[in-house]
1. Just to check your reading of the model, which residue among Leu13, Leu53, Leu25 is of a type in the set (A, V, I, L, M) and touching a strand residue (DSSP E or B) at 6+ places or on another chain (Cβ under 8 Å)?
2. Can you pull out the residues in segment 5-38 that are of a type in the set (Val, Ile, Thr) and surrounded by 11 or more Cβ atoms within 10 Å (Cβ to Cβ)?
3. Quick check, is Ala79 of a type in the set (Gly, Ala, Ser) and either within 21 Å of Asn55 (Cβ to Cβ) or part of a loop (DSSP other than H, G, I, E, B) (or both)?
4. If you check Ala143 against the conditions, is it aliphatic (A, V, I, L, M), out of contact with any helix residue (DSSP H, G or I) (no Cβ under 9 Å at 6 or more places or on another chain) and more than 30 Å from Glu16 (Cα to Cα)?
5. Checking the structure you have, find out if any residue of segment 96-106 is assigned to a helix (DSSP H, G or I), closer than 19 Å to Lys139 by Cβ and either modelled with pLDDT of 95 or more or among the β-branched types (Val, Ile, Thr) (or both).
6. Specify the residue that is surrounded by the most Cβ atoms within 10 Å (Cβ to Cβ); the eligible residues are those in segment 123-143 that are under 17 Å from Phe86 (Cα atoms) and free of Cβ contacts under 8 Å to residues at least 12 places away in the same chain.
7. Give the number of residues within segment 51-76 that are under 15 Å from Ala111 (Cα atoms) and either part of a helix (DSSP H, G or I) or among the charged types (D, E, K, R) (or both).
8. Is it the case that some residue within segment 28-46 is of a type in the set (Ser, Thr, Tyr), part of a loop (DSSP other than H, G, I, E, B), closer than 30 Å to Pro91 by Cβ and in contact with a helix residue (DSSP H, G or I) (Cβ under 7 Å, 6 or more places away or on another chain)?
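The values are calculated or read from the model by the stated rules, or taken from the named source; none is laboratory data. None of the values given here were measured: they were computed from a predicted structure. Here the Cβ is made from the backbone with ideal geometry for all residues, glycine too, and neighbour counts use every protein chain on show.
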Amino acid sequence: MEKSFAAIVENWLREEEGYRRFIYLDTEGIPTIGYGRNLKDVGINPTEAEFLLRNDMQSALLAAASFPWFIDLSELRKAVIVDMVFNMGLPRFKTFKKMILAVINKNYPGAALEMLDSKWAKQVGDRADKLAYVMVNDKERPA
């Protein structure tokens with residue numbers, strides 16, 4: 001069976017470009033990723049961004065769910081934890097030891113204070129305020 005035109009081109013591009021997981025500079029110094037995706041001129045489209053968001057969100061959810069106490073949280077408090085893990089990564093999230101201990105002890109106001117008393121809160125601004133509100137009140141913050 002003969003390969004289709006698209007299959008031929010795809011195979012050639014896979015071979016010629018090679019796969020790179022992380023951003024690299026191509027021969028012209030242009031930031032590139034994957035199979036030769038020119039990030040400077042092409043970037044990513046909304047569909048690709050949505051795909052990446054869902055993958056990254058799923059990874060953050062799996063990482064957050066690795067904590068035994070996560071299962072006992074309300075849906076909104078779980079969302080706070082997933083949001084934080086997504087934003088800062090699991091290793092950095094794990095450094096929030098006092099906040100995590102407060103969550104384990106169901107001291108949600110204390111957890112919120114620990115969230116807000118951090119370099120992360122200064123970096124993300126209103127996001128931290130919103131997540132702290134949800135942690136304390138177990139409801140979404142009014143707009």
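1. Exactly one residue qualifies, and that residue is Leu25.
2. Ile8, Val9, Ile23, Ile30, Thr32, Ile33
3. Taking the combined requirement at face value, the residue satisfies it.
4. yes
5. Taking every residue of segment 96-106 in turn, at least one turns out to be assigned to a helix (DSSP H, G or I), closer than 19 Å to Lys139 by Cβ and either modelled with pLDDT of 95 or more or among the β-branched types (Val, Ile, Thr) (or both).
6. The qualifying residue surrounded by the most Cβ atoms within 10 Å (Cβ to Cβ) is Lys130.
7. 2
8. yes
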